[in-house]
Amino acid sequence: MGFTLVSCFSQNKEELIIEFNNGNSSFFIKASLLAQFCCLSFPESFNRARKNSVDLFNEVLMQKVVGIRQFDNERSFALELEDSNQLLFKMHGNRSNVILLHQGVAIALFRNHLAADREISTDSLDRKIDFSREQFDLNLKNLSTLYFTFGKLVWRYWHEKGIDKLSNNDQWKELNNIRNQLESPVYHITEIDNEINFSLLPIGHVLNTFQHPIPAINEFFSASSVKNALLSGKAFFRKNIQDKIKAGKNYVLKNQQKVDELVNDHHYQIWGDLIMAHMHEIKTGISEVSLESFYDGKPVVIKLKPDLNAQKNAEVFYRKSKNQQIEITKLKESIRAKESDLEKLQATLLSIEDAGNIKALNKTEGLQLTIQNQKKTEPLPYHEFIFKGFKIWVGKNADKNDELTLKHSYKEDLWLHAKDVAGSHVLIKHQSGKNFPKEVIERAAQLAAYNSKRKTDSLCPVSFTPKKFVRKRKGDPAGAVVVEREDVIMVEPKL
C-alpha cells in the first residue's frame, strides 16, 4: 500500500515483471504464466536486460497502489491504483493473465490471445462456499465439489489420513481442523511423485517449512523452476536418444534382412557354374541361353552379354557373386557397429534418468556428442517415395540434384530426368538380382515429369538410363550433366 508502480515490462515469453517503489525501496512481482507452470514470485531485486524487453501497461505507470482486493474463494486478486484503475491477477492455470482495467472495464491484456478476458467483470469473481454442517451432511459423498478451493493436495491429505473412512461427526471435526490449518498456515515445500508442491498442509516429503509466505513462495518458485528445467531437459534428451535407438534398431533389422537375402541368393554363382559347364555349347553373340539346373533339372534362362564369350560371361557372374560376398561382409560390419552404438545409447539413456540436477545431466557421458552429431547432420538432398518395394529418390533443387546424382547414387541405379527441360534428377535404387519393373519406371518418370518445367503438360518425355551413363563435366552449372546413352518414355506428370 502506498507504493508507486514505476516499471512494468516483459523480457521472456509469458513472464511479466512489475516494480513498485515508495522512495526508499522497491518491491517486485514476477508473474510467470507459463501454461505448464503458473506462479508468482517476489524477488528482492531484478536487473532488466538491455535488449529484447518491452514496456507494458504504460497507462498506469507512476500511479500509487491505493488498495488490494482479494476475491472470495477465487485464485484472483487486484491491485487498485489511482484514477479508478486496477491491475487484475487472474491465476487460472494455463489461462492465467494479468489484466488492466479502467472503471471496471478491461483495456489491456498481458496475454492477448486470451480474448475472453476482455469481457471479464470483477463483480463476478467472488464465489461463495457454504461451510454449514447441513451442507456438509448433504454433500458427504461429493465434498470436493462443495469445497472447491481445497485442491488436490488437501484431498490427498484427507484420504491419506483415512478421514474419509471416519464417521460423519469425526469427518466434520477433521474438516474444521483442516480449515483452521489453512486459515492460519505454515508453508511447506514438499515433493510428491517427483513433483515439487507448495502446500499449507504437511504432506509428502517435506523439503522446507516457512512461517511467512513471501520467502516460502520464492523458495517454491526457485525449486520448481530447477526441477522443471531438469525434467524438461531429461524429456528433450530422452526423446532424442529414444529416436536414435528406434532408428538404429530399424537400421539393424533392414540390414540383417538384406544379409539374409544375399546369403540365400546364389544365382550368380550358379549361373557362372552352369555357363562354365556348358561353355563349349554357348556361342558368342547370343543374348540368352536356357540350361538345365544342377539341382532340379528345370530350365534356367540366363541373360548374356552378346559381345562376350561364354567364359567372359561366367566371369561377370562370378564377379557379381564375389561382390555379393563383399557386400555381406560390409553389411555385417555395419550391423556390428550399429549394435555397439545402440549399447552406448542405452547406457546414455540410463544415465539421463539417473541425473539428479542440470549440471549432472549436461555432463552425461555420450549425451553432448550425440546432440552435436545430430546438429551436424545435414538434411538429405532428396525426397523419398516407395513404390512396389523400390525406393525412388527425387532431387530437391539444382544443387541437390548434383549431390543426389554424384554422392548418393550407384552405377546400377536407374537415373531419370524430364527431357530437354529443367527439373529434378530422379533415381530408382537398384536391388540386387532384380530388374526394374516397367510400372516402377513409369512411376519414377511421372515424378520426374511432375518435378520439372513440364509438370502442366498432358504428356512429358522422360529420359532414363543406368546411372553409370551419367557424368558431370568440370565447369558445368549446378544440375547440368551429360547423358551418354538413354531411353525415353512418355508419361503423364503426376505426384
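Hey, does segment 209-222 have a residue that's surrounded by 14 or more Cβ atoms within 10 Å (Cβ to Cβ), in contact with a Cys (Cβ under 6 Å, 6 or more places away or on another chain) and not polar (S, T, N, Q)?
Yes - at least one qualifying residue is present in segment 209-222.
I'd like to know if segment 311-325 contains one or more residues that are in contact with an Asp or Glu (Cβ under 7 Å, 6 or more places away or on another chain), farther than 30 Å from Lys254 by Cβ and in the same structural domain as Tyr251 (by TED's automatic domain parsing).
There is no residue in segment 311-325 that is in contact with an Asp or Glu (Cβ under 7 Å, 6 or more places away or on another chain), farther than 30 Å from Lys254 by Cβ and in the same structural domain as Tyr251 (by TED's automatic domain parsing).
Quick one: is Leu274 surrounded by 13 or more Cβ atoms within 10 Å (Cβ to Cβ) and either in contact with a Gly (Cβ under 6 Å, 6 or more places away or on another chain) or in a helix (DSSP H, G or I) (or both)?
Yes.
Residues of segment 72-96 being assigned to a loop (DSSP other than H, G, I, E, B) and either within 23 Å of Asn21 (Cβ to Cβ) or among the aliphatic types (A, V, I, L, M) (or both), which ones?
Glu82, Asp83, Ser84, Met91
Considering segment 35-49 alone, what residues qualify as being under 16 Å from His92 (Cα atoms) and not in a strand (DSSP E or B)?
Hits for segment 35-49 are Ala35, Gln36.
Name the pairs: first residue in segment 303-332 and within 17 Å of Tyr410 (Cβ to Cβ), second residue part of a helix (DSSP H, G or I) and of a type in the set (D, E, K, R), Cβ to Cβ under 7 Å, at least 6 apart or on different chains?
Leu331/Lys258
Picking from Lys258, Lys246, which residue would you name as being of a type in the set (Lys, Arg) and in contact (Cβ under 8 Å) with a residue 60 or more places away in the chain?
Working: Lys246 fails: in contact (Cβ under 8 Å) with a residue 60 or more places away in the chain.
Just one listed residue meets the conditions, Lys258.
Taking the criterion of being exposed (fewer than 13 other Cβ atoms within 10 Å of the Cβ) and part of a helix (DSSP H, G or I), would at least one residue in segment 97-117 satisfy it?
Within segment 97-117, one or more residues are exposed (fewer than 13 other Cβ atoms within 10 Å of the Cβ) and part of a helix (DSSP H, G or I).
Which residue out of Asn142, Asn240, Asn169, Asn218 is in a helix (DSSP H, G or I), under 30 Å from Leu342 (Cα atoms) and not β-branched (Val, Ile, Thr)?
Values: Asn142 fails: under 30 Å from Leu342 (Cα atoms); Asn169 fails: under 30 Å from Leu342 (Cα atoms); Asn218 fails: under 30 Å from Leu342 (Cα atoms).
Just a single option satisfies the conditions, and that option is Asn240.
Considering (1) at pLDDT below 95; (2) assigned to a helix (DSSP H, G or I); (3) polar (S, T, N, Q), say which one Gln135 fails and leave the rest.
Every condition holds for Gln135 apart from (1).
Exactly one of these conditions fails for Val289: (1) surrounded by 14 or more Cβ atoms within 10 Å (Cβ to Cβ); (2) within 30 Å of Ala360 (Cα to Cα); (3) touching a His at 6+ places or on another chain (Cβ under 9 Å). Give me its number.
(2)
When the residues of segment 404-428 are narrowed to those that are acidic (Asp, Glu) and within 28 Å of Val259 (Cβ to Cβ), which ends up surrounded by the fewest Cβ atoms within 10 Å (Cβ to Cβ)?
Once the filter is applied, the top-ranked residue is Glu412.
Identify all residues within segment 14-34 that are in a loop (DSSP other than H, G, I, E, B) and closer than 18 Å to Lys90 by Cβ; write none if there are none.
Glu14
Quick one: is Phe294 on the phi < 0 side of the Ramachandran plot, of a type in the set (Phe, Trp, Tyr) and loosely packed, with under 15 Cβ neighbours inside 10 Å?
Yes, satisfied.
I'm trying to understand the selection: among the residues of segment 429-446, which are under 14 Å from His383 (Cβ atoms) and buried (at least 24 other Cβ atoms within 10 Å of the Cβ)?
Listed by number, the list holds a single entry, Ala444.
The values are calculated or read from the model by the stated rules, or taken from the named source; none is laboratory data. As the structure is a prediction and not an experimental result, all values here were calculated from the model. Reconstructed Cβ throughout: ideal geometry from the backbone, glycine too, with neighbour counts over all protein chains shown.
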